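Read the figures in this text as sums done on the coordinates, not as results from a lab. From a predicted model like this one, the values you see are computed outputs, not experimental measurements.
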Amino acid sequence: MAGLARHRLLPHLEDLGLVDEFDGQAGYDLRRLHLHGLIERIPRSHRYRVTDFGLRRWGCGNDEGC
């Protein structure tokens, strides 16, 4: 996965109920998700990807095909 830029990642996180709005709160939410190990920044970019732990936590196991 090439990862998602912040403005593309936030709508998906909103659908999952993890962020409320696309305002200044979103930066805080991304930091919190990173601290909990659910997402990670791709080095030398402004993009993020969901970690394996994040996929398992959000219910996207191997057999569910998320």
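For ALA5, list long-range residues whose amide hydrogen, built 1.01 Å from N in the peptide plane, is under 5 Å from its own amide hydrogen.
TYR48
For the stretch 4-57, what size does the Cα cloud have along each of its three principal axes, sorted from largest down, in whole Å?
26, 24, 17
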